[in-house]
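The values are calculated or read from the model by the stated rules, or taken from the named source; none is laboratory data. Please read all numbers here as calculations on a predicted model, not as lab measurements. FYI the Cβ positions are ideal-geometry reconstructions off the backbone, even for glycines, and counts take in every protein chain you see. Just the protein is used for accessible areas: all its heavy atoms, side chains included, with ligands, DNA and RNA removed. Shrake-Rupley method; radii C 1.70, N 1.55, O 1.52, S 1.80 Å.
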Amino acid sequence: MTEYLRIDLDKEKWECRVCDHEIAPAEGNYKEGLLVHNRDPREIHPPILDPERYRFTFSPDPEWVRILEFCCPNCGTQVETEYAIPGHPPLQDMQVDVPALKAQWARRGPDMLPDAGPAVVPGRGHGH
């Protein structure tokens with residue numbers, strides 16, 4: 001489904017592709033099964049102008065935005081990042097029709113079953 005998420009159609013669960021940890025039911029929001037770190041946006045986007053002298057520094061105001069980092073509770077792989085309004089619940093960015101997905105793969109037959117994709121090796125990210 002993404003670089004670090006897959007769905008086990010037999011178990012109907014979201015899984016981490018790095019460590020195979022079951023995260024959450026596939027019908028729901030995978031973010032509910034992940035650890036979340038609520039980051040101060042100034043840590044990621046430091047001020048360009050001196051905040052002692054200027055109110056607007058070209059850094060996001062933490063009263064208006066937060067950065068949520070979602071990580072696998074088993075291996076710590078960062079699965080998703082989201083910019084959000086403080087107090088707003090995390091977005092559900094994928095909603096999967098599990099019965100339809102199961103039917104689609106059943107029609108393809110066993111010779112067309114997907115493999116897990118390329119191995120995801122911890123500590124060997126994208127290179128950025």
TODO: Kindly provide the set of residues from segment 75-90 that are open to solvent by 30 Å² or more (accessible area, probe 1.4 Å) and not hydroxyl-bearing (Ser, Thr, Tyr), ordered by number.
DONE: Cys75, Gly76, Gln78, Glu80, Ile85, Pro86, Gly87, His88, Pro89, Pro90
Task: Residue list for segment 20-31, restricted to those being surrounded by fewer than 15 Cβ atoms within 10 Å (Cβ to Cβ) and more than 17 Å from Asp93 (Cα to Cα) - done: Asp20, Glu22
Task: Selected residue (criterion: surrounded by the most Cβ atoms within 10 Å (Cβ to Cβ)) from residues of segment 5-16 that are in a loop (DSSP other than H, G, I, E, B) and at pLDDT 95 or above - done: Glu12
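Determine whether Asp93 is modelled with pLDDT of 90 or more, open to solvent by 50 Å² or more (accessible area, probe 1.4 Å) and within 10 Å of the chain's Cα centre (by Cα). Working first, answer last.
Numbers: modelled with pLDDT of 90 or more: yes; open to solvent by 50 Å² or more (accessible area, probe 1.4 Å): yes; within 10 Å of the chain's Cα centre (by Cα): yes.
So Asp93 passes the test.
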Task: Tally, over segment 34-74, of residues that are crowded, with 16+ Cβ neighbours inside 10 Å and either touching a helix residue (DSSP H, G or I) at 6+ places or on another chain (Cβ under 6 Å) or in contact (Cβ under 8 Å) with a residue 24 or more places away in the chain (or both) - done: 11
